[in-house]
Amino acid sequence: NFKGGNYDMANAIDRYTFFFQDARTQQFYREWANHVLNRVNTLTGIKYKDEPTIFAWDLMNEPEMAGTGIGQAWISEMSGYVKSQDPNHLLASGNEGFTDGHAGSNPQMELNIPTIDFATWHTYPNYHKISTNDVVNLINTHCQTVAGRKPVIIQEFGYPSTSSDQTAVYQKW
């Protein structure tokens, strides 16, 4: 809506920058976060920001940003805002956890942001074109990255149920 009705997000040159840098979208994000945090759980009558059954929030699921500079600036700003509204819950970026800065993700940098409580990552070896053993290496890398600092949670992972070795792969992970 901010870019007009004919915005082609799939091919837009600013696809990985606009949302994270435009003052209007940043304000929209803060307003939406405030709306969610202050929404009253219809079952308990408790605002989500006070709801004890909620473990944590992600700022966004898999934010894709043009680089770690944009990523760290946006994550710092928005995590500070969310924590100012809800200091009761843990908070993560929701990043895929690429360690090379891909999609603006850098767990080592994120862990230095005081308002980020834990690192996240997602892995789907078939989609990412890596082996299941590479996932074991990534688990070790992520654990070494955060060792003694903050927890890391594998939020999303998947290996096809049609693969005869799925159980063994999950046990290895």
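Couple of notes before you dig in:
- Members of region 12-37 found to be touching a residue at least 40 places away in the same chain (Cβ under 8 Å) and in a helix (DSSP H, G or I), listed by number: Phe20, Gln21, Gln26, Tyr29, Arg30, Ala33, Asn34, Leu37
- Across region 88-103, the qualifying residues are those that are under 8 Å from the mean Cα position of the chain (by Cα) and more than 15 Å from Phe157 (Cβ to Cβ), and the one among them that is surrounded by the fewest Cβ atoms within 10 Å (Cβ to Cβ) is Ala92.
- Against the numbered list (1) of a type in the set (Asp, Glu); (2) under 17 Å from the mean Cα position of the chain (by Cα); (3) open to solvent by less than 50 Å² (accessible area, probe 1.4 Å), Asp58 comes up short only at (3).
- Against the numbered list (1) of a type in the set (Ser, Thr, Tyr); (2) over 28 Å from Ile153 (Cα atoms); (3) modelled with pLDDT of 95 or more; (4) surrounded by 10 or more Cβ atoms within 10 Å (Cβ to Cβ), Tyr29 comes up short only at (2).
- When Leu37, Leu43 are checked against the criterion of being surrounded by fewer than 16 Cβ atoms within 10 Å (Cβ to Cβ) and over 21 Å from Pro151 (Cβ atoms), a single residue qualifies: Leu43.
- Which numbered condition Asn38 misses (of (1) out of contact with any strand residue (DSSP E or B) (no Cβ under 7 Å at 6 or more places or on another chain); (2) over 22 Å from Asn95 (Cα atoms)): (1)
- Scanning region 61-70 for any residue that is in a helix (DSSP H, G or I), among the aliphatic types (A, V, I, L, M) and within 21 Å of Asp117 (Cα to Cα) turns up at least one such residue.
- Among the residues making up region 106-120, those that are surrounded by 14 or more Cβ atoms within 10 Å (Cβ to Cβ) and either out of contact with any strand residue (DSSP E or B) (no Cβ under 8 Å at 6 or more places or on another chain) or farther than 20 Å from Glu77 by Cβ (or both) are Asn106, Met109, Ile113.
- The residue pairs whose first member lies in region 158-173 and is farther than 19 Å from Ile139 by Cα, whose second member is aliphatic (A, V, I, L, M), and whose beta carbons are closer than 8 Å, counting only pairs six or more residues apart or on different chains, are Ser163/Val169.
- Among the residues of region 126-163, those that are open to solvent by 70 Å² or more (accessible area, probe 1.4 Å), over 19 Å from the mean Cα position of the chain (by Cα) and within 21 Å of Glu64 (Cβ to Cβ) comprise Asn126, Lys129.
- Residue in region 80-87 that is open to solvent by less than 20 Å² (accessible area, probe 1.4 Å) and in contact with a Gly (Cβ under 8 Å, 6 or more places away or on another chain) present: no
- Meets criteria (over 12 Å from the mean Cα position of the chain (by Cα), open to solvent by 80 Å² or more (accessible area, probe 1.4 Å) and without any contact (Cβ under 8 Å) to a residue 40 or more places away in the chain) for Thr123: no
The values are calculated or read from the model by the stated rules, or taken from the named source; none is laboratory data. Predicted, not measured: the structure shown is a model, and the values here were computed from it. Using ideal geometry, Cβ is built from the backbone for each residue, glycine included, and neighbour counts are taken over all protein chains shown. The area values use the complete protein model at the heavy-atom level, side chains included, leaving out ligands, DNA and RNA. Shrake-Rupley method; radii C 1.70, N 1.55, O 1.52, S 1.80 Å.
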